[in-house]
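K.L.:
Mind having a look at this structure? Questions to follow.
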Amino acid sequence: MKNSELILRLWAKSDPFHPLVCHLLDVAAVAHALLKESSFEMTALTLRRALWPHDAAALDSLIAFVCALHDIGKCDPRFQAKAPELMDAICSAGGSEFFPESIDSLAQGFRHEEQSAEWAIDWLSDSLGWKKPVARVVSAALRAHHGSFQGDVRSASPVHEMSWVGLRNQIASILRQTLSPPDCTQVELENASVAGVLLCGIMVLSDWIASNRELYQPPQPSTDYRSYYEYCCLGANSALFRLGFSRPVSLPQGDFTACFPAIASPRPIQRTVQTLVGHVSSGRLAIIEAPMGEGKTEAALYLASQWGHATEGQGLYVALPTAATSNQMYGRVREFLLGHDPTIAATIRLIHGMAWLVDQETPQSQDMSDDPGSEDALSARQWFQPSKRALLAPAAVGTIDQALMSVLHVRYGFLRLFGLSSKTVIIDEAHAYDAYMMEELTLLLRWLSALSVSVIVLSATLPEAKRNELCQAYMNPEIEGMTTAFQGENADAAQKGYPLITIARRGEERPEEIRVEGSAKAQTVYIKKHAGLLDQSVEVASLLLELAAKGGCVACIASTIRSAQAIYRALCQHGEKDVFLFHARFTAERRGKIEQEVLDHYGPSSLYPYADLRHRPRPDRAILVATQVI
């Protein structure tokens with residue numbers, strides 16, 4: 001039996017049967033198409049720079065070639081034996097000498113991605129002459145394409161291993177002839193970490209898209225591999241269009257009033273940001289500190305819009321501390337984007353655990369892996385759910401944990417980084433994060449800086465040391481153990497002023513600090529202690545009734561759900577009717593309705609109900625009992 005015929009008998013997908021070499025070309029076509037998509041323009045540019053300065057077209061064919069190698073470890077008797085009927089077809093056609101007699105026992109615990117990695121590091125360096133450091137990065141990316149950089153190999157070499165190595169080499173030669181990657185013998189990676197993470201991201205995403213029969217239908221297998229690949233490219237473009245990757249975010253351009261026509265007179269923080277756009281380019285960290293009501297969100301969206309135009313197609317991700325705040329922000333960001341581009345509804349996504357209540361649009365498929373019931377197949381299907389796919393969408397709003405998981409040791413964390421690499425990231429309410437989350441945020445800033453991602457951090461205020469730590473993480477992402485060397489000079493916050501905008505640039509020693517002049521006058525907040533009322537629900541209810549007796553809206557924030565429920569019951573026993581209860585333990589659907597009621601009653605729109613007839617006016621008298629969800 002000729003090896004060329006045998007190669008078309010080797011399977012990558014068993015149900016329905018799909019040849020391994022064809023699947024590898026499918027994935028290469030999707031990867032090449034992703035690099036051309038405007039939604040991933042910044043990611044592609046960063047990846048090209050991380051590899052080495054070279055012609056972009058040649059680099060794209062190189063990246064597609066590397067992605068195609070991901071499953072070459074399936075050219076192994078231990079994998080092919082997982083589908084006995086297909087193995088029998090190979091044997092009956094004359095390939096029985098390729099399978100050892102003890103194949104069933106050898107196949108237990110075999111991981112094809114580990115075989116891909118082990119084969120690639122030798123083949124790339126020995127056969128193609130690539131430098132070992134580059135081959136190791138590619139090998140690590142191949143090993144991680146099922147979610148983890150940690151190897152899990154049980155691959156004692158089976159009988160006839162050399163025969164299978166020869167088959168792998170032949171498949172790799174077919175890929176080289178079809179994809180025409182450039183000579184890489186002189187390549188020296190500019191940034192191995194960035195190159196490895198982005199290679200992993202595009203490899204996994206391409207594999208999943210090419211394996212999803214609801215999105216991508218491969219052409220009929222053929223030994224005319226060049227023609228087969230050309231048809232693959234057409235199918236890849238169609239799949240990306242269905243996923244919304246072909247519809248980039250159209251961010252508004254112009255001065256602040258042009259972006260926010262409803263704001264006739266911008267606030268001081270907004271006017272200051274407008275003056276910064278001209279001389280502060282993208283690829284920066286901006287920390288905006290100002291009290292509530294000063295328009296930080298609009299200032300951040302404006303800055304992100306202008307940076308997006310500067311980088312031609314950069315997307316947007318807005319991160320908040322809770323699902324409730326994310327839901328509210330999702331509406332604001334969606335309204336902002338729709339006001340400038342009515343077609344953008346299909347591109348903006350909401351991402352958190354309960355996002356499916358709001359955003360359910362996604363294609364589904366059960367054929368995502370060679371083993372549909374495996375953990376890998378489950379992970380792939382989950383990533384095509386809105387709750388995770390949102391990070392890959394051109395514009396998204398969600399909880400901060402979705403971004404922080406990109407730098408934690410979780411499966412497919414690198415795919416989250418891949419999604420963020422094409423966006424400006426806005427991190428809202430940074431003052432709400434605890435010490436543990438701030439450490440994660442510091443690590444995230446280091447990675448985003450290395451990926452040339454612009455970041456805007458919004459906060460009511462930040463301690464001086466924490467602000468400096470965030471700036472240092474962005475300015476010096478390679479440094480282990482962040483320091484605050486510049487903290488000593490002018491460390492007094494009063495000297496810096498408030499509100500304050502801090503700009504940090506990668507590679508610089510000190511951030512730029514800009515005091516916002518003409519901000520709103522300081523407000524006086526009165527604190528009155530009520531000793532002995534902690535966990536005394538009846539007494540707290542009486543106090544709330546007393547405060548609301550003359551009208552007005554009163555909020556009671558309890559530390560536990562049980563306490564909030566007890567206070568609410570006590571109010572109801574007093575006959576109080578204008579009372580709401582809001583916490584996180586309602587059913588998902590009920591919580592969504594309560595959350596919307598709270599926003600309708602007490603959100604900013606309730607102060608100006610006649611500007612939009614959909615909004616009701618704020619009640620003259622009401623009591624809201626809630627936990628920290630508000």
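The values are calculated or read from the model by the stated rules, or taken from the named source; none is laboratory data. Because the structure is predicted, anything quoted here is derived from the model rather than measured. We place every Cβ from the backbone using ideal geometry, glycine too, and count neighbours over all the protein chains shown.
K.L.:
Could you name every one of the helices (runs of 4 or more DSSP H) located completely within the range 385-470 that has at least 3 residues being closer than 18 Å to VAL197 by Cα and touching a Leu at 6+ places or on another chain (Cβ under 8 Å)?
P.N.:
Numbers: elements: 386-389, 400-404, 413-420, 435-450.
Fully inside the range 385-470 and qualifying: 400-404, 413-420, 435-450.
K.L.:
I need the helices (runs of 4 or more DSSP H) fully contained in the range 511-630, keeping only those with at least 3 residues that are modelled with pLDDT of 90 or more and more than 30 Å from VAL273 (Cα to Cα). Before the answer, list the steps.
P.N.:
Details: elements: 537-548, 561-573, 588-602.
Hits in the range 511-630: 537-548, 561-573.
K.L.:
Only one residue in LEU420, LEU415, LEU392 is in the same structural domain as GLU298 (by TED's automatic domain parsing), in contact with a strand residue (DSSP E or B) (Cβ under 7 Å, 6 or more places away or on another chain), buried (at least 23 other Cβ atoms within 10 Å of the Cβ) and under 15 Å from TYR317 (Cβ atoms). Which one? Give the steps one after another, and end with the answer.
P.N.:
On the way: LEU415 fails: in contact with a strand residue (DSSP E or B) (Cβ under 7 Å, 6 or more places away or on another chain); LEU392 fails: in contact with a strand residue (DSSP E or B) (Cβ under 7 Å, 6 or more places away or on another chain).
None of the other options fit; the residue is LEU420.
K.L.:
Quickly run through the range 439-463 and pick out the residues that are surrounded by fewer than 18 Cβ atoms within 10 Å (Cβ to Cβ) and closer than 16 Å to THR502 by Cβ.
P.N.:
Of everything in the range 439-463, those that are surrounded by fewer than 18 Cβ atoms within 10 Å (Cβ to Cβ) and closer than 16 Å to THR502 by Cβ turn out to be THR442, ALA460, THR461, PRO463.
K.L.:
Of the conditions (1) modelled with pLDDT under 90; (2) outside any helix (DSSP H, G or I), ALA93 satisfies every one except a single condition; which number is it?
P.N.:
(2)
K.L.:
Another question, then. Take the conditions modelled with pLDDT under 90, part of a strand (DSSP E or B) and in the same structural domain as VAL333 (by TED's automatic domain parsing) and apply them to ALA377. Does it pass?
P.N.:
No.
K.L.:
Just for the range 281-294: of the residues that are closer than 24 Å to ALA262 by Cα and at pLDDT 90 or above, which one is surrounded by the most Cβ atoms within 10 Å (Cβ to Cβ)?
P.N.:
Within the range 281-294, the match that is surrounded by the most Cβ atoms within 10 Å (Cβ to Cβ) is ILE288.
K.L.:
Another question, if that's okay. Within the range 212-223, can one find any residue that is within 23 Å of ASP428 (Cα to Cα) and among the hydrophobic types (A, V, I, L, M, F, W, C)? Spell out how you get there, then give the answer.
P.N.:
Our first condition is that a residue be within 23 Å of ASP428 (Cα to Cα); within the range 212-223, this holds for none.
Looking for residues that are within 23 Å of ASP428 (Cα to Cα) and among the hydrophobic types (A, V, I, L, M, F, W, C), one finds none in the range 212-223, hence no.
K.L.:
Condition test on ASP88, is it of a type outside the set (Ser, Thr, Tyr), surrounded by fewer than 16 Cβ atoms within 10 Å (Cβ to Cβ) and either more than 17 Å from ALA12 (Cα to Cα) or modelled with pLDDT of 65 or more (or both)? Walk me through how you get there before you give the answer.
P.N.:
On the way: of a type outside the set (Ser, Thr, Tyr): yes; surrounded by fewer than 16 Cβ atoms within 10 Å (Cβ to Cβ): yes; either more than 17 Å from ALA12 (Cα to Cα) or modelled with pLDDT of 65 or more (or both): yes.
Criteria met by ASP88.
K.L.:
Another question about this same structure. Taking the range 2-46 as the search range and keeping residues that are of a type in the set (A, V, I, L, M, F, W, C) and in contact with a Ser or Thr (Cβ under 6 Å, 6 or more places away or on another chain), which one is farthest from ASP71 (Cα to Cα)? Give the steps one after another, and end with the answer.
P.N.:
Just the residues of the range 2-46 that are of a type in the set (A, V, I, L, M, F, W, C), to begin with: 6-8, 10-12, 17, 20-22, 24-25, 27-31, 33-35, 40, 42, 44-45.
Subsequent filtering for residues that are in contact with a Ser or Thr (Cβ under 6 Å, 6 or more places away or on another chain) retains 27, 30-31, 40, 42.
Numbers: VAL27: 10, VAL30: 15, ALA31: 14, PHE40: 24, MET42: 27 Å.
Looking at residues that are of a type in the set (A, V, I, L, M, F, W, C) and in contact with a Ser or Thr (Cβ under 6 Å, 6 or more places away or on another chain), I get MET42.
K.L.:
Just wondering, is there one or more residues in the range 149-161 that are surrounded by fewer than 22 Cβ atoms within 10 Å (Cβ to Cβ), modelled with pLDDT of 90 or more and either over 28 Å from GLU37 (Cα atoms) or under 21 Å from the mean Cα position of the chain (by Cα) (or both)?
P.N.:
For the range 149-161, residues surrounded by fewer than 22 Cβ atoms within 10 Å (Cβ to Cβ), modelled with pLDDT of 90 or more and either over 28 Å from GLU37 (Cα atoms) or under 21 Å from the mean Cα position of the chain (by Cα) (or both): absent.
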